[in-house]
């Protein structure tokens, strides 16, 4: 891990609604194309960060993406304070500075980097994801969503059967993979 090589490093962890993340990932070429799989990736990343927090809790600051977009100056001032850098108003003008940092011809999904923060995009997932996609996404990290204060669209009692099915199918795959790896080691 980076913190082992740089023990005085500070980390900014930006948390975003998993429905928005998965919706965004649908537009990138490296997406799996499967909302459940992509949600599992988000969920595993969150679990890794949670585990990391127990080791470096004073070196990591968690920021809510939605608050960063809605209250950029206030949030950025907190980040600057955390990392020991003085806030400058021009930090909010990131979209006007150095447009060459991202090649949007090569990475078109990063086009918004050249725009000011847009609060309207926060809930774009609500109009772009189907109800069944939202259901599938919420079934994976519902506990994390509740803990992070992202309201569920689907009642929890409807999510639990799907959630259990996903959980056990993933664990079964992991068990099978472990058994195959064990068999391959035996020669």
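Any read-out appearing in this document is the output of simple, stated calculations on the displayed coordinates, not a laboratory observation. Not measured: the values here are computed from a predicted model. Quick reminder, even Gly has a Cβ in these numbers, built from the backbone with ideal geometry, and neighbours come from all protein chains shown.
What to note about this one:
- Taking 43, 13, 55 and counting other C-beta atoms within 10 Å, the order from fewest to most: 55, 13, 43
- Choice from 119, 155, 18 with maximal GNM fluctuation in the chain (Cα, 10 Å cutoff): 155
- Working from label points 7 Å from Cα in the Cα-to-Cβ sense, the residue 73 to residue 127 distance is 2.8 nm.
- From the largest down, the stretch 40-149 spans 41, 37, 26 angstrom on the principal axes of its Cα atoms.
- In terms of Cα atoms, the Rg and Dmax of the stretch 1-62 work out to 13.9, 38 Å.
- Cα long-axis angle, helix 35-56 against the chain (0 to 90 degrees, to the nearest 10): 70
- Gain in span if fully extended, residue 86 to residue 109, counting 0.36 nm per residue against the direct Cα distance: 5.2 nm
- The value of relative contact order for the stretch 1-69, using C-alpha pairs under 8 Å at least six residues apart, is 53 percent.
- Largest GNM mean-square fluctuation among 30, 109, 125, using the chain with Cα springs under 10 Å: 30.
- The chain: angle of helix 156-185 to the longest principal axis, Cα-based, in degrees nearest 10: 70
- Residue with peak Gaussian network fluctuation, the chain [Cα springs, cutoff 10 Å], from 56, 122, 111: 111
- Percentage relative contact order, the chain, counting C-alpha pairs under 8 Å, at least six apart: 25
- Cα extents of the chain along the three principal axes, largest first (Å): 58, 43, 36
- Computed over the chain, the per-residue total of -39500 (n - 2.57) for DSSP H runs of n ≥ 4 gives a 222 nm mean residue ellipticity of -16500 deg cm²/dmol, rounded to 500.
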